[in-house]
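One structure is given below, encoded as structure tokens.
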Amino acid sequence: MPTVSMEELRALVTQAFLRCGASGSMARAAAEALVAADAQGLASHGVSRVPLYCAHLKNGRTDGKAVPKVAREKKAACLVDAACGMAYEACALAVQEAIRRAQEYGVGFAGVTNSNHFGAAALHLGPVAEAGLVGLAFGNSPAAIAPWGGKTPLFGTNPIAAVFPRHGRPPLVIDLSLSEVARGKIMVAKSQGKPIPEGWALDREGKPTTDPDAALQGSMMPAGGVKGAMLALMVELLCCALTGAAMGFEADSFFVDEGNRPRIGQAFLAIDPDAVAGRAVYLERIETLIAKMLADPGVRLPGERRLALEAKARREGIQVGDALYEQIRALAAG
């Protein structure tokens, strides 16, 4: 299994996307996000996605020449049209707009429509924390979770992420999907020929399964049972009803080469602490809570492990499976 530096891996992935029809800026933004996910230990949202992304570019599911733009706006809120390209440039634009509007109005909301898979949700919020703002991110995805009591998937796994900046220390980073596990973990298990634990997914008949193929054809278990299903519904509405994006059941799976253009949605919220209790109060309150949390020796702050893994990856590189590495090299070679 080769170990590749982050710089080399980014260059290789960028070249693969360019060969498959992505614009330069689109290819670079996507490569940066995927390699960052791998560096933080999020392999299901990392370079394992490159072959599928390339297939989508070649088959027209993704428009490699798309240029995202602000399509509508009203003071603290705006809508970014991803124009059916990869999601990363559009999400970066939306985050920039949310930050700018929060700095002007105290709060900024940016929705994204006609979008695609946006990877690890929390990675989009780095600039929000760097600006000293609290950030929230939401995204919908192709149908994977059934409404509570049903067996037909309608909602996506619909990730939620948040960042809370601290003074002189890394921000708290919270990132979770609303399925029991991320759907990408089942994709990884399938590619490795391994079973999945019971409790992750149901088959088409609504029965528990350990077969990743049956799971991908069935539905994901929501995290926390009925509460997770309700949260998935909330995110679906935030990301689609407000933006005009496609609902999960209207978008073909990310895990097939051919299909429709997903046209799903994302939403980003930035909040300036100075607009509410004030920055000094906010920083005192967050540190008071963290101190209480850490008084228990077993507590680990969210985001700590990711940052430690990223620092290690910068020093030592990222391990990529032999077959995947050769596949990416072949795509980059055209």
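By the Cβ distance rule of under 4.7 Å, the chain has these cysteines without a partner: Cys78, Cys84, Cys91, Cys239, Cys240. A straight line joining the Cα centroids of segment 23-50 and segment 170-193 runs 15 Å. The local environment of Gly132, defined by Cβ-Cβ distances under 9 Å, has a net charge of -2 under the rule Lys, Arg +1 and Asp, Glu -1. Exposure proxy shown here: for Tyr88, Tyr105, the number of other Cβ atoms within 10 Å sets the order, fewest to most, as Tyr105, Tyr88.
So if we plug the beta-carbon distance of Gln103 and Leu307 into 1/(1 + (r/R0)^6) with R0 = 22 Å, what FRET efficiency do we get, rounded to 0.05?
Calculated value: 0.30.
Computed per residue of the chain from DSSP H runs no shorter than four, each worth -39500 (n - 2.57), the mean residue ellipticity at 222 nm is -12000 deg cm²/dmol.
Students often get this wrong, so try it: which of (i) 51, 46, 45; (ii) 65, 46, 36; (iii) 62, 42, 34 is Cα extents along the principal axes in Å as calculated from the structure shown? Of the labelled values, this structure produces (i). Among the GluC sites (Glu not before Pro) in segment 154-263, those located in a DSSP loop and surrounded by at most 10 other Cβ atoms within 10 Å of their own Cβ are Glu198, Glu205. A DSSP coil position with no more than 14 other Cβ atoms inside 10 Å describes the following trypsin sites (Lys or Arg not before Pro) in segment 260-334: Arg300. For segment 38-124, trypsin sites (Lys or Arg not before Pro) are listed when DSSP marks them as loop and at most 14 other Cβ atoms sit within 10 Å of their Cβ; the list is Lys65, Lys75. Taken about its Cα centre, segment 86-172 carries a charge dipole of about 240 debye when Lys and Arg each add +1 at the Cβ and Asp and Glu each add -1 at the Cβ. Which of Ala245, Leu269, Pro195 sits closest to the plus end of the dipole of the chain, meaning its Cα is farthest towards the positive end, when Lys and Arg get +1 and Asp and Glu get -1 on the C-beta? The listed residue farthest towards the positive side: Leu269. Charge dipole (Cα centre; +1 on Lys/Arg Cβ, -1 on Asp/Glu Cβ; no other charges) of segment 184-334 amounts to roughly 380 debye.
Note on Glu205 and Asn59: with the Förster distance fixed at 30 Å, the Cβ-Cβ geometry gives a FRET efficiency of about 0.45.
The local environment of Thr157, defined by Cβ-Cβ distances under 13 Å, has a net charge of -1 under the rule Lys, Arg +1 and Asp, Glu -1. Taking the Cα centre of the chain as origin and assigning +1 to Lys and Arg Cβ atoms and -1 to Asp and Glu Cβ atoms, the resulting dipole is close to 260 debye.
For the chain, the number of Lys pairs separated by eight or more positions or lying on different chains, with C-alpha atoms closer than 30 Å, is 25. With a cut-off of 13 Å between beta carbons, the residues surrounding Leu57 carry a summed charge of +3, where Lys and Arg count +1 and Asp and Glu -1. Scoring 161-168, 217-224 by mean Cβ neighbours within 10 Å over their residues and listing the highest first yields 217-224, 161-168.
Coordinate-derived values only; no laboratory data. Please read these numbers as outputs of a predicted model, since none were measured by experiment. Reconstructed Cβ throughout: ideal geometry from the backbone, glycine too, with neighbour counts over all protein chains shown.
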